[in-house]
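Trainee: One structure, as C-alpha cells, below. Some questions next.
The values are calculated or read from the model by the stated rules, or taken from the named source; none is laboratory data. Here the structure is a predicted model, which is why all the values come from computation and not from measurement. All Cβ positions, even for glycine, are placed from backbone atoms using ideal geometry, and neighbour counts span all protein chains on display.
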C-alpha cells in the first residue's frame, strides 16, 4: 500500500470507518498533488473499479464502508496511476460505443475518434444488410477487437473476421469476444499480418474492410503517456507513417466484393495521400471524413 495513503487510512481502516466518499476525496487529492491530468476523472474511475459501483450507483453507495481488501485494490491502482500509467490500463477496461472492453498494455487504448471510424464501417455494413445480404466484414489489426466487435454486436446479420499479427493482442480480442455473448458465434479470430490472415477462399467477398493500423511516423514525437506505455508495434509505421496504409490500399481490392468499402483511420496529414493512392489503385471513389473535432481522420474508399 502507498505509504502516504496507508498512514492516513490506517486508523480508519482498523475501525472499519472509512467510506467511499472519503476514499474518493483522498484519491483525488493525491492525484492533484502529483499533477496527474484530469485527476477527478482518474479518481472516480479508480474508486468505481475498486468499489464495484459504476456511474450513478457509486453516488448511492458513497456512504458505504470500504473493506480492507477493496482499499488495497484501490491503492494498487492509485500507485500505478501516480507513475503515469494510462488510466485505461490501470482500471483494465474501457468503454467503446456499446462495449465494455478489456484493455491492457498488450494493445492500443481505444479512442473516441476510432469510435467514429467504427461508425463509418457500421453504416456501410448496415446498408448491405438492408438489401437482405448478410455482410462479411474484416477488421484488420484488430487489437482489442473494438471495431469488429462493435460491428458484430450492432449488426446481427454480419459475419466478422478479426485479425492481428500479434498473438498477445489476439488474446485480448478473444477475451473481449467472449464478453459479447451470443454475438460471438459470428466472429472469427485469425492470426497473421493484414490480408495473409484471411482464408484465401474469401477473396472478393468482403463487403467492408476496416482498419485502424499503425500510422505514426517514426520521426514523430508522442506524449509520454502514449510513447512510454502503449505498444510501439501498434503505433509506428516507417519514416512517413504510410507503410501499413499503403499495404491496405494496394491489397484491399483483391478482397472486396463489388461495391465493397475500405475504411481506414489515419493521421490528418495523411488523408490526401491516401485518397490519391486509392484512386490510383482503381477505387471508384475515396472520401475524407473528419472526426467530431473537425479533424480529418478517416478515408472511405468504394470498390
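Trainee: Can you tell me which residues in the stretch 259-276 are in contact (Cβ under 8 Å) with a residue 24 or more places away in the chain and out of contact with any helix residue (DSSP H, G or I) (no Cβ under 7 Å at 6 or more places or on another chain)?
Mentor: 259, 260, 267, 268, 271, 273, 275
Trainee: Return yes or no: is residue 41 touching a helix residue (DSSP H, G or I) at 6+ places or on another chain (Cβ under 8 Å), surrounded by fewer than 16 Cβ atoms within 10 Å (Cβ to Cβ) and under 21 Å from residue 93 (Cβ atoms)?
Mentor: It is true that residue 41 is touching a helix residue (DSSP H, G or I) at 6+ places or on another chain (Cβ under 8 Å), surrounded by fewer than 16 Cβ atoms within 10 Å (Cβ to Cβ) and under 21 Å from residue 93 (Cβ atoms).
Trainee: All but one of (1) crowded, with 21+ Cβ neighbours inside 10 Å; (2) under 23 Å from residue 197 (Cα atoms) hold for residue 286; state the number of the condition that does not hold.
Mentor: Here residue 286 clears every test but (2).
Trainee: Can you pull out every residue in the stretch 189-212 that is touching a strand residue (DSSP E or B) at 6+ places or on another chain (Cβ under 7 Å) and surrounded by 18 or more Cβ atoms within 10 Å (Cβ to Cβ)?
Mentor: 189, 194, 197, 198, 206, 207, 208, 209, 210, 211, 212
Trainee: Separate question: Can you tell me which of (1) under 30 Å from residue 202 (Cβ atoms); (2) surrounded by 18 or more Cβ atoms within 10 Å (Cβ to Cβ) is the one residue 113 doesn't meet?
Mentor: Going through the list (1) under 30 Å from residue 202 (Cβ atoms); (2) surrounded by 18 or more Cβ atoms within 10 Å (Cβ to Cβ), residue 113 breaks only (2).
Trainee: A further question follows. Report the residue count in the stretch 257-277 for those that are crowded, with 23+ Cβ neighbours inside 10 Å and within 22 Å of residue 135 (Cα to Cα).
Mentor: Final tally of qualifying residues: 6.
Trainee: Go through the stretch 271-303 residue by residue and tally those that are closer than 23 Å to residue 207 by Cα and not in a loop (DSSP other than H, G, I, E, B).
Mentor: Qualifying residue count, the stretch 271-303: 20.
Trainee: Which one of 160, 128, 137 is in contact with a strand residue (DSSP E or B) (Cβ under 8 Å, 6 or more places away or on another chain), over 23 Å from residue 244 (Cα atoms) and surrounded by 14 or more Cβ atoms within 10 Å (Cβ to Cβ)?
Mentor: 128
Trainee: Do we find that residue 89 is at pLDDT 95 or above and either crowded, with 23+ Cβ neighbours inside 10 Å or within 30 Å of residue 43 (Cβ to Cβ) (or both) in this structure?
Mentor: yes
Here is a yes/no grid of residues against (1) touching a residue at least 40 places away in the same chain (Cβ under 8 Å); (2) touching a helix residue (DSSP H, G or I) at 6+ places or on another chain (Cβ under 7 Å):
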position	(1), (2)
216	yes, no
222	no, no
225	yes, no
248	yes, yes
257	yes, no
278	no, yes
290	no, no
303	yes, yes
